[in-house]
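Engineer: Structure in structure tokens, see below.
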Amino acid sequence: MAPLIILLAVFCLSFAVNKYLLREKYGLSLIGRISMAAVLIAAGISHFTNTEIMIRMMPEAIPAKREIVYLTGICELLAVIGLIWGRFSRLTSIVLIIFFVAILPANVAGSFKKVDLGGMAYGPAYLLFRIPLQILFILWTYYFGIQILKREK
């Protein structure tokens, strides 16, 4: 739930600041990308503060779990830069879409293991929220990082 709240709150705040204080200096694409960047900052930091929990949520067959958790945290934090820096935002958006698809199995595994992170403790019922949320992240990234960006250039 926290990632959704962060996404929507940062979007609303950024939209209002851009409209009323900055007189629409920035396009909607940047506002949407800033919002996703805020989610990625929280998620990336979480990889370093909740490492053990994230290791437990990964499927058993995956080796080097700790290293993967750290690597994905670093990738999420680097994606923040790529989303904001206009020159790399389209490429970063494409990579993020692939990333969002790739991490879904860890969320599925975590819910079946009832890992105590982000609602996974509720078990498979959590997937009724998480899978649509993951789809929202994919569509959001496509829309603001590729579709609107293309129109604004």
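Engineer: Over segment 89-153, calculate the relative contact order: mean separation of alpha carbon pairs under 8 Å at least 6 apart, over the residue count, as a percent.
Structural biologist: It rounds to 39 percent for segment 89-153.
Engineer: Which of the peptides 87-98, 30-41, 107-118 is most tightly packed, and how do the rest follow, judged by the mean count of other Cβ atoms within 10 Å per residue?
Structural biologist: In descending order of packing, they fall as 30-41, 107-118, 87-98.
Engineer: Rounded, prolate or oblate, given the Cα gyration tensor of segment 65-153, with a/c below 1.5 counting as rounded?
Structural biologist: oblate
Engineer: Enter the accessible area per residue of segment 4-49 (Å², integer; probe 1.4 Å; all protein chains in place).
Structural biologist: Accessible surface, normalised per residue, equals 55 Å².
Engineer: Using a 7 Å offset from the Cα along the Cα-to-Cβ direction at both Leu91 and Ile5, what is the distance between the two label points in nm, to one decimal?
Structural biologist: Simple spin-label model gives 3.6 nm for this pair.
Engineer: Quick one: if the Förster radius is 35 Å, what FRET efficiency do Ile84 and Leu128 give, using the C-beta to C-beta distance and rounding to 0.05?
Structural biologist: In this case the efficiency is close to 0.60.
Engineer: Take the Cβ-Cβ distance between Glu52 and Leu136 as r, set R0 to 41 Å, and report the resulting FRET efficiency rounded to the nearest 0.05.
Structural biologist: 0.90
Engineer: Note the listed values (i) 1.44; (ii) 1.26; (iii) 1.08, then indicate which one is Cα Rg over 2.2 N^0.38 Å calculated from this particular structure.
Structural biologist: For Cα Rg over 2.2 N^0.38 Å, the calculated option is (iii).
Engineer: Related question: Please report the spacing between the Cα centers of segment 119-137 and segment 60-111 in Å, no decimals.
Structural biologist: 17
Engineer: For the chain, what is the calculated [θ] at 222 nm in deg cm²/dmol (nearest 500), taking -39500 (n - 2.57) for each run of four or more DSSP H residues and dividing by its residue count?
Structural biologist: -24000 deg cm²/dmol
Engineer: Moving on to the next point. Relative contact order for segment 20-108 using alpha-carbon pairs under 8 Å, separation at least 6, rounded to a whole percent?
Structural biologist: Reported relative contact order: 33 percent.
Engineer: When ligands, DNA and RNA are left out and all protein chains stay put, how many square angstrom of accessible area per residue does segment 59-153 have with a 1.4 Å probe?
Structural biologist: 58
Engineer: How big is the accessible area of Arg56 in square angstrom, nearest 10, if you roll a 1.4 angstrom probe over the protein chains?
Structural biologist: About 130 Å², rounded to the nearest 10.
Engineer: Now for a separate question. How much length would be gained if the chain were fully extended between Arg66 and Lys25, taking 0.36 nm per residue of separation minus their Cα-Cα distance, in nm to one decimal?
Structural biologist: Details: separation 41, 0.36 × 41 = 14.76 nm, distance 4.21 nm.
In short, 10.5 nm is gained.
Engineer: Take the solvent-accessible surface of the protein heavy atoms, probe 1.4 Å, and return the percent of it on segment 1-80 that carbon and sulfur atoms account for.
Structural biologist: Here carbon and sulfur together make up 74 percent of the probe-accessible area.
Engineer: If you average the sequence gap of Cα pairs under 8 Å that are 6 or more apart and divide by the length of the chain, what percent do you get for the contact order?
Structural biologist: Details: 180 pairs, mean separation 40.6, N = 153.
Worked out over the chain, it gives 27 percent.
The values are calculated or read from the model by the stated rules, or taken from the named source; none is laboratory data. None of these values were measured; they are calculated from a predicted model. FYI the Cβ positions are ideal-geometry reconstructions off the backbone, even for glycines, and counts take in every protein chain you see. When the accessible area is computed, the model is the full protein with side chains, heavy atoms only, and any ligands, DNA or RNA have been set aside. Shrake-Rupley method; radii C 1.70, N 1.55, O 1.52, S 1.80 Å.
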